[in-house]
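Trainee: First the structure, then my questions, so here it is.
The values are calculated or read from the model by the stated rules, or taken from the named source; none is laboratory data. Owing to the predicted nature of the structure, the values given are computational and were not obtained by experimental measurement. Cβ placement follows ideal geometry from the backbone for every residue including glycine, while neighbour counts extend to all protein chains displayed. For the accessible areas, the whole protein counts, side chains as well, though only heavy atoms, and no ligand, DNA or RNA atoms are used. Shrake-Rupley method; radii C 1.70, N 1.55, O 1.52, S 1.80 Å.
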Amino acid sequence: MEIAASASLTALTRNVALVLVPPIPDPEAALGAVPLDGALLVEPARDDPFLPILAARAIPTVAIGGAHDAASAHVDLRYADTADLLIGHLHARGARHVPLVIGSSARRYYEVFEARYLDHAARTGMTPRILRIDESRGEAAAEAGLSALLAQGHRVDGLLVPVDALATGALAALRRAGLRVPEDVRVATRYNGLRAQAATPPLTAVELHFDAVASAATLALLDLIDGLDVPQVLTAESPALIERASTR
């Protein structure tokens, strides 16, 4: 929603209205009901069903996050930098038994986080544990998945949970197991949104500069619609760690 708000305001400066289309099961129906000149896709998965439809109709498309051949341009959200920032922070805080909790869909940032996590594990001798959660089930799925992992007796002193909704579910699982955050387990997430800020305790997260990202992506899309050339890759600002009580 942070991206949508910024994109809407930017579009209005060029007298263009932004229509928000949720990720509904039938993209053909969604796009068929909405007249459009261009599209912004927010962190589409590799198998995102909207991409081939937009490409087949030659509709200018800008993807926010991840490179996709079907998109006219994309914003590089610096996934590797973000992953390294969070992994390095947990390591610096003494966490040595850190499962990675990610969604099960084919999102590019899951792939990058997993690759950087496995690289860190290989370099430090940490035993990697990756917990894949059906993110469509949100907090409840994360709570159940982590509770099952803890019940198996695995030692956990840190958690890297890029999806904020899964992170708050993980906090619930830790509370149920009688583990304190951050005294027993340090927890970090990726998006510095309301969930991270309002969690108990508040979650360490990353400032991704989504307002600036959305504005740049929208301006690029509007230029494409007007027939102008734009860079194929737009690079976001460097991610900045926001340390909160969950890792102190």
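Trainee: Specify which residue in the list ALA115, HIS97, SER136 is farthest towards the positive end of the charge dipole of segment 91-138, using unit charges on the beta carbon of Lys, Arg (+1) and Asp, Glu (-1), about the Cα centre.
Mentor: The residue sitting most towards the positive pole is HIS97.
Trainee: So what's the convex hull volume per residue for the Cα atoms of segment 89-227, in Å³? If you can, show how the numbers build up before the last one.
Mentor: Numbers: hull volume 17.4 nm³, N = 139.
Normalising the Cα hull of segment 89-227 by residue number yields 125 Å³.
Trainee: When the accessible area of segment 1-148 is computed with all protein chains present and a 1.4 Å probe, what percentage of it is carbon and sulfur?
Mentor: 55
Trainee: Sticking with this structure for a sec: Can you say what percent of the DSSP beta bridges in segment 1-131, counting only those with both residues inside, are antiparallel? Round to 5.
Mentor: Numbers: 1 of 10 bridges.
Antiparallel bridges: around 10 percent, rounded to the nearest 5.
Trainee: Per residue, how much accessible area does the chain show when a 1.4 Å probe rolls over the protein heavy atoms, in square angstrom?
Mentor: 47
Trainee: Sorted by mean Cβ packing within 10 Å, highest first, what order do the peptides 105-114, 9-18 take? All intermediate terms of the calculation are to be shown ahead of the outcome.
Mentor: Working: 105-114: 18.6, 9-18: 13.8.
Going from most to least packed, we get 105-114, 9-18.
Trainee: Where does helix 2-12 land angle-wise versus the long Cα axis of the chain, in degrees 0 to 90, nearest 10?
Mentor: Helix 2-12 sits roughly 20 degrees off the main axis of the chain.
Trainee: Tell me, how many Å apart are the Cα centres for segment 182-248 and for segment 99-163?
Mentor: The distance from the Cα centre of segment 182-248 to that of segment 99-163 comes to 20 Å.
Trainee: Compute the whole-percent fraction of alpha carbon pairs in segment 173-226 spaced more than 18 Å apart.
Mentor: Above the 18 Å cut-off, segment 173-226 has 53 percent of its Cα pairs.
Trainee: Here's another thing I want to ask about it. Where Rh denotes the Kirkwood radius from the mean inverse Cα pair distance, what is Rg over Rh for segment 1-156? Before the final figure, lay out each step's value.
Mentor: Details: Rg = 18.9 Å, Rh = 18.0 Å.
Over the Cα atoms of segment 1-156, Rg/Rh equals 1.05.
Trainee: Can you tell me the equivalent ellipsoid semi-axes for segment 89-166? Use √(5λ) from the Cα gyration tensor, largest first, whole Å.
Mentor: The three semi-axes for segment 89-166 are 20, 16, 10 Å.
Trainee: Also, quick follow-up: Could you work out the relative contact order of the chain? I mean the mean sequence separation of Cα pairs under 8 Å and 6+ apart, divided by the number of residues, in percent.
Mentor: 23
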